[in-house]
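S.K.: Could you have a look at this structure, given as structure tokens, before my questions?
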């Protein structure tokens with residue numbers, strides 16, 4: 001069965017202005033001719049070789065700290081920005097090659113939607129809830145008849161449990177939970193096949209979180225969607241996701257089912273993340289402490305592990321060779337010299 | 001029963017805000033205490049009044065706000081009746097506060113070292129000559145690697161976690177008796193959150209400092225605090241030592257809050273939302289502000305007065321029908 | 001529409017300054033529209049017998065050197081001055097904000113070209129530019145309007161550019177892109193309307209300056225010419241008489257100018273409150 005979404009070796013690299021100088025070509029020429037400075041443009045590796053797939057009806061969690069590249073990755077998947085290299089296959093079609101500025105006219109635009117993180121920022125302050133939900137219906141389904149538009153918008157409102165009288169309100173007149181519903185309504189109005197959720201509940205009070213999460217689960221079943229759930233709240237990811245991938249500095253460091261990731265994490269970073277979750281019950285996992293900040297994503301060393309230096313396990317090997325992808329079992333892999341399993345591509349077995 | 005004199009005591013505090021659309025009764029009968037060496041967590045959702053309580057204790061309440069009743073004593077000083085200059089002396093020296101979004105709380109065009117030095121010099125702990133050295137010492141105390149170099153860095157060059165450490169260094173530079181941390185880790189990554197909270201806890205223990213942790217994250221409060229004070233819609237509805245609170249919450253709201261917080265195990269069905277929403281604090285409200293959302297509500301709940309009862313030593317509940 | 005009037009009433013009553021400014025503005029508009037009907041005397045009719053009479057019950061503002069009633073002239077000039085200011089600001093705003101939005105949204109060469117254009121305009125003082133245009137195209141009121149519009153263009157272009165830049169990557173803009181909008185539609189329907197509230201304040205301040213610009217240009221003889229009644233020209237003509245004691249020729253038009261500028265400055269906040277939905281309770 002073809003996966004719904006198949007991402008292959010996707011990269012997003014940004015060329016930065018030269019060290020200490022401007023990007024101005026004339027100045028660069030002058031600098032390199034008159035000084036001994038080497039003309040080298042630093043490259044920021046925001047997303048560096050990420051591959052994964054999502055099947056129909058599946059819920060994949062994407063976890064990682066700020067700066068790991070999740071937002072950049074989401075931007076590319078939703079075709080809001082273009083990858084530097086790599087393929088994005090959606091239902092068999094290569095959508096990565098369509099420039100992002102023209103993607104709005106493609107039929108696939110309806111199939112991939114995003115629920116944004118901050119309901120405050122993601123709603124146009126001048127649009128009522130009605131306008132916001134109507135926008136994709138007008139733009140993607142071409143509905144122009146006022147009566148039909150109203151009918152469809154109200155249908156969506158009912159589906160997301162948004163009281164109909166709130167449709168005429170502006171964002172600043174609604175509560176956090178209500179705004180979240182408008183956000184979700186807008187995204188599911190066109191029945192997308194893949195819904196990307198970017199921290200959908202992190203801006204909400206805990207008393208409202210549960211009902212929104214349950215709504216998301218219900219919608220997924222009703223509309224037969226797949227989810228890419230990006231979140232830093234690991235407890236929520238565990239509750240909602242079938243599989244999880246962990247990103248660090250632009251690369252996937254571990255991937256597996258939710259059960260595997262949370263109970264038998266293999267990568268030291270994953271272990272640190274899980275141990276950092278505050279725990280109210282007994283039997284708390286021992287805290288793994290990480291020292292310092294992540295390395296710079298600019299011009300990373302291709303022959304070293306990017307987690308080295310912060311990793312509690314660091315050894316010489318980590319600074320000399322990039323870690324291999326180690327298959328712990330058919331569904332679970334970790335990119336680390338010390339993961340237990342079979343290394344891929346390297347031929348040798350690692351312990 | 002703790003007979004020591006508390007570092008901070010808030011007694012029966014009432015705070016109102018005058019707004020265009022009416023008077024908002026933000027706090028009502030709020031009382032709690034913090035002792036030396038203790039970390040007290042004030043837990044509540046948005047609109048619960050937790051930040052307002054802290055701001056009032058520091059004397060930095062918004063001008064539209066007015067204290068209509070109650071008393072606040074901080075290290076012996078009567079905060080509500082003190083002059084502004086006395087309060088200024090107190091802030092930074094006896095009590096300090098750190099906030100959410102550390103990068104925005106720092107001056108973007110001044111190096112972090114200078115900002116720490118500013119605090120030190122303001123309270124006479126350093127002179128122009130000794131400022132740099134003392135600032136570097138402060139950076140070391142919050143475990144910032146390479147402090148000599150970081151001293152001359154600007155906030156935009158540092159990560160969120162580092163900026164929060166700088167804030168902590170500034171707050172603790174004059175060795176206050178009380179630290180108020182208002183959502184210090186919201187917006188930071190999980191691993192950084194843990195590191196910052198560990199740091200705060202360590203420093204508090206080292207200096208026998210009293211700490212107030214204001215947060216919406218019940219689980220985080222459970223991990224670090226000795227006592228927890230739960231607030232809802234401007235009321236303190238329950239306060240107890242942490243272990244006791246989690247073992248047996250007595251207020252229906254506390255129990256529901258715990259049920260709404262996702263934990264590691266279990267399924268989505270195990271977590272529940274809390275029905276209804278915050279009452280409008282501009283209107284006339286019943287004695288218990290949770291009554292509209294409470295399943296245990298009965299007529300007796302609407303009969304004033306509603307005062308806190310001590311159900312067991314140190315465990316206070318403001319409820320007519322505790323669990 | 002009901003909503004709008006309710007909000008209008010709220011904005012006016014909430015801030016007394018807005019109410020005063022609003023009242024003043026309405027007065028100016030009424031005078032501008034109904035000027036010819038309101039004037040007690042024909043503003044262009046000269047009367048050799050009544051030259052340089054000080055203010056009296058018959059002539060509230062006195063008469064000028066040709067025996068014309070100053071009060072009537074001041075009233076009738078309102079129409080011309082407001083017309084010049086409004087048209088100049090309107091052209092300036094529309095052209096400037098559109099150029100600035102395109103520059104801020106698309107960046108790259110668009111940004112560079114618009115940037116150089118605004119830099120060039122800013123290099124010229126208004127009077128030099130106006131004189132240049134007048135020399136090239138003729139001394140008419142229209143050309144003065146164009147000159148004022150061009151001079152104020154960079155002002156709007158810069159504000160628009162910044163506002164668009166700030167909002168370009170906002171989540172709600174990305175969300176609208178996901179809803180099938182092309183870049184241009186995004187700019188027009190999502191970003192541009194959100195930029196209007198801050199622009200309102202700029203517009204009203206600009207109106208004040210535009211009136212002063214027009215008056216200043218006619219003071220030096222460009223654009224409006226005698227016997228047309230216009231505040232600037234009247235001040236120019238009256239300036240010479242102050243020394244000899246006939247103060248009313250220059251004072252009243254000058255006061256009218258001041259009042260108009262004052263009114264527009266105060267109106268800024270009120271206008272912004274009016275069109276920003278966040279100000280609605």
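The values are calculated or read from the model by the stated rules, or taken from the named source; none is laboratory data. Since the structure is predicted, the reported quantities are computational estimates derived from the model, not experimental observations. For neighbour counting, all protein chains shown are included, and Cβ atoms are generated from backbone atoms with ideal geometry for every residue, glycine included.
S.K.: Out of C:232, C:223, C:216, C:208, I need the residue that is touching a residue at least 24 places away in the same chain (Cβ under 8 Å) and surrounded by fewer than 22 Cβ atoms within 10 Å (Cβ to Cβ). Which one?
M.R.: Details: C:232 fails: surrounded by fewer than 22 Cβ atoms within 10 Å (Cβ to Cβ); C:223 fails: surrounded by fewer than 22 Cβ atoms within 10 Å (Cβ to Cβ); C:208 fails: surrounded by fewer than 22 Cβ atoms within 10 Å (Cβ to Cβ).
When all the criteria are applied, what remains is C:216.
S.K.: If you don't mind, there's one more thing I want to ask. Mind checking which residues of segment C:154-173 are facing chain A (nearest Cβ under 7 Å) and either in contact with a helix residue (DSSP H, G or I) (Cβ under 8 Å, 6 or more places away or on another chain) or not in a helix (DSSP H, G or I) (or both)? I'd like the intermediate steps shown before the answer.
M.R.: As a first pass, look at segment C:154-173 and keep what is facing chain A (nearest Cβ under 7 Å): C:170-172.
Result: C:170, C:172.
S.K.: When you scan segment B:162-273 for strands (runs of 3 or more DSSP E) that lie fully inside it, which ones turn up with 2 or more residues that are under 15 Å from the mean Cα position of the chain (by Cα) and either within 12 Å of chain A (Cβ to nearest Cβ) or under 30 Å from residue B:292 (Cα atoms) (or both)?
M.R.: B:210-215, B:227-232, B:235-241
S.K.: Sticking with this structure for a sec: Residue A:290: closer than 28 Å to residue A:11 by Cβ, within 11 Å of chain B (Cβ to nearest Cβ), touching a residue at least 60 places away in the same chain (Cβ under 8 Å) and in contact with a helix residue (DSSP H, G or I) (Cβ under 7 Å, 6 or more places away or on another chain), yes or no?
M.R.: Values: closer than 28 Å to residue A:11 by Cβ: yes; within 11 Å of chain B (Cβ to nearest Cβ): yes; touching a residue at least 60 places away in the same chain (Cβ under 8 Å): no; in contact with a helix residue (DSSP H, G or I) (Cβ under 7 Å, 6 or more places away or on another chain): yes.
No, not satisfied.
S.K.: Can you confirm whether segment A:40-62 contains a residue that is over 28 Å from the mean Cα position of the chain (by Cα) and either assigned to a loop (DSSP other than H, G, I, E, B) or modelled with pLDDT of 90 or more (or both)?
M.R.: So far as segment A:40-62 goes, yes, one or more of its residues are over 28 Å from the mean Cα position of the chain (by Cα) and either assigned to a loop (DSSP other than H, G, I, E, B) or modelled with pLDDT of 90 or more (or both).
S.K.: Got at least one residue in segment A:160-168 being within 13 Å of chain C (Cβ to nearest Cβ), in contact (Cβ under 8 Å) with a residue 12 or more places away in the chain and over 30 Å from residue B:219 (Cα atoms)?
M.R.: Looking for residues that are within 13 Å of chain C (Cβ to nearest Cβ), in contact (Cβ under 8 Å) with a residue 12 or more places away in the chain and over 30 Å from residue B:219 (Cα atoms), one finds at least one in segment A:160-168, hence yes.
S.K.: As an exercise: evaluate residue A:134 against (1) within 8 Å of chain C (Cβ to nearest Cβ); (2) more than 20 Å from the chain's Cα centre (by Cα); (3) surrounded by 20 or more Cβ atoms within 10 Å (Cβ to Cβ) and give the number of the one condition it does not meet.
M.R.: Only one criterion is unmet by residue A:134, namely (1).
S.K.: Which one of the conditions (1) farther than 14 Å from residue B:169 by Cα; (2) in contact (Cβ under 8 Å) with a residue 12 or more places away in the chain does residue B:135 fail to meet, given that it meets all the rest?
M.R.: For residue B:135, the failing item is (1).
S.K.: Might you check whether a residue that is part of a loop (DSSP other than H, G, I, E, B), at pLDDT 90 or above and surrounded by fewer than 21 Cβ atoms within 10 Å (Cβ to Cβ) occurs anywhere in segment A:98-107?
M.R.: No; the residues of segment A:98-107 include none that is part of a loop (DSSP other than H, G, I, E, B), at pLDDT 90 or above and surrounded by fewer than 21 Cβ atoms within 10 Å (Cβ to Cβ).
S.K.: Identify the residue in segment C:175-205 that is at the interface with chain A (Cβ under 7 Å from one of its Cβ atoms) and surrounded by fewer than 20 Cβ atoms within 10 Å (Cβ to Cβ) and, among all such residues, is nearest to residue C:276 (Cα to Cα).
M.R.: The selected residue is C:193.
S.K.: Same structure again: Identify the single condition in (1) surrounded by fewer than 17 Cβ atoms within 10 Å (Cβ to Cβ); (2) touching a residue at least 12 places away in the same chain (Cβ under 8 Å); (3) outside any loop (DSSP other than H, G, I, E, B) that residue B:108 does not satisfy, given that it satisfies every other one.
M.R.: (3)
S.K.: For residue A:146, are the conditions met, namely being within 8 Å of chain C (Cβ to nearest Cβ) and surrounded by fewer than 17 Cβ atoms within 10 Å (Cβ to Cβ)?
M.R.: Against the criterion (within 8 Å of chain C (Cβ to nearest Cβ) and surrounded by fewer than 17 Cβ atoms within 10 Å (Cβ to Cβ)), residue A:146 does not qualify.
S.K.: Looking at (1) surrounded by fewer than 21 Cβ atoms within 10 Å (Cβ to Cβ); (2) at pLDDT 90 or above, which is the one condition that is false for residue A:194?
M.R.: Only one criterion is unmet by residue A:194, namely (1).
S.K.: Which residue out of A:114, A:184 is assigned to a helix (DSSP H, G or I) and either under 19 Å from residue C:180 (Cβ atoms) or at the interface with chain C (Cβ under 10 Å from one of its Cβ atoms) (or both)? Before the answer, list the steps.
M.R.: Values: A:114 fails: assigned to a helix (DSSP H, G or I).
Selected residue: A:184, the only one of A:114, A:184 that is assigned to a helix (DSSP H, G or I) and either under 19 Å from residue C:180 (Cβ atoms) or at the interface with chain C (Cβ under 10 Å from one of its Cβ atoms) (or both).
S.K.: Another question, then. Would you confirm whether any residue within segment C:123-134 is within 14 Å of chain A (Cβ to nearest Cβ) and out of contact with any strand residue (DSSP E or B) (no Cβ under 8 Å at 6 or more places or on another chain)?
M.R.: no
S.K.: I'm trying to understand the selection: among the residues of segment C:124-141, which are more than 18 Å from the chain's Cα centre (by Cα) and either assigned to a helix (DSSP H, G or I) or modelled with pLDDT under 80 (or both)?
M.R.: Listed by number, the residues that qualify are C:128, C:129, C:131, C:132, C:133, C:134, C:135, C:136, C:137.
S.K.: Here is a follow-up. Among the residues that make up segment A:322-344, is at least one of them within 14 Å of chain B (Cβ to nearest Cβ) and either more than 30 Å from residue B:222 (Cβ to Cβ) or at pLDDT below 90 (or both)?
M.R.: no
S.K.: Just one of the numbered conditions (1) under 26 Å from residue A:333 (Cβ atoms); (2) more than 11 Å from every other protein chain (Cβ to nearest Cβ); (3) at pLDDT below 90; (4) buried (at least 23 other Cβ atoms within 10 Å of the Cβ) is not true of residue A:200; which one?
M.R.: The single condition residue A:200 does not satisfy is (1).
S.K.: Here's another thing I want to ask about it. Quick one: residue B:284 ticks every box in (1) buried (at least 17 other Cβ atoms within 10 Å of the Cβ); (2) in a loop (DSSP other than H, G, I, E, B) except a single one, so which number is it?
M.R.: (1)
S.K.: Continuing with this model, one more query. For residue A:249, state whether it is crowded, with 21+ Cβ neighbours inside 10 Å, at positive phi and more than 10 Å from chain B (Cβ to nearest Cβ).
M.R.: yes
S.K.: To continue, here is another question. Among the numbered criteria (1) within 14 Å of chain B (Cβ to nearest Cβ); (2) surrounded by fewer than 22 Cβ atoms within 10 Å (Cβ to Cβ); (3) over 21 Å from the mean Cα position of the chain (by Cα), which single criterion is violated by residue A:205?
M.R.: Condition not satisfied by residue A:205: (2).
S.K.: Oh, and also: Which of the residues belonging to segment B:67-88 are in a strand (DSSP E or B), touching a residue at least 40 places away in the same chain (Cβ under 8 Å) and buried (at least 16 other Cβ atoms within 10 Å of the Cβ)?
M.R.: B:67, B:70, B:72, B:73, B:74
S.K.: Across segment A:219-235, which residue is surrounded by the most Cβ atoms within 10 Å (Cβ to Cβ) among those that are more than 10 Å from chain B (Cβ to nearest Cβ) and without any contact (Cβ under 8 Å) to a residue 60 or more places away in the chain?
M.R.: Going through the qualifying residues, I end up with A:223.
S.K.: Looking at segment A:138-166 only, could you name the residues that are under 22 Å from residue C:186 (Cα atoms) and assigned to a helix (DSSP H, G or I)?
M.R.: Scanning segment A:138-166 gives A:138, A:139, A:140, A:141, A:146, A:149, A:153.
S.K.: From the list A:137, A:162, A:149, A:167, pick out the single residue that is under 18 Å from residue A:208 (Cβ atoms) and out of contact with any strand residue (DSSP E or B) (no Cβ under 8 Å at 6 or more places or on another chain).
M.R.: Exactly one residue qualifies, and that residue is A:162.
S.K.: Just a yes or no: is a residue in segment C:236-254 more than 23 Å from residue C:22 (Cα to Cα), under 21 Å from the mean Cα position of the chain (by Cα) and touching a residue at least 12 places away in the same chain (Cβ under 8 Å)?
M.R.: yes
S.K.: Continuing with the same structure: Look through C:18, C:78, C:27 and report the one residue that is over 30 Å from residue C:245 (Cβ atoms), assigned to a helix (DSSP H, G or I) and in contact with a helix residue (DSSP H, G or I) (Cβ under 7 Å, 6 or more places away or on another chain).
M.R.: Sole residue among the options that is over 30 Å from residue C:245 (Cβ atoms), assigned to a helix (DSSP H, G or I) and in contact with a helix residue (DSSP H, G or I) (Cβ under 7 Å, 6 or more places away or on another chain): C:18.
S.K.: Also, I was wondering about something else. For segment A:259-270, does any single residue satisfy the condition of being at pLDDT below 85, within 30 Å of residue A:214 (Cβ to Cβ) and within 14 Å of chain B (Cβ to nearest Cβ)?
M.R.: Of segment A:259-270, the ones at pLDDT below 85 are none.
Scanning segment A:259-270 turns up no residue that is at pLDDT below 85, within 30 Å of residue A:214 (Cβ to Cβ) and within 14 Å of chain B (Cβ to nearest Cβ).
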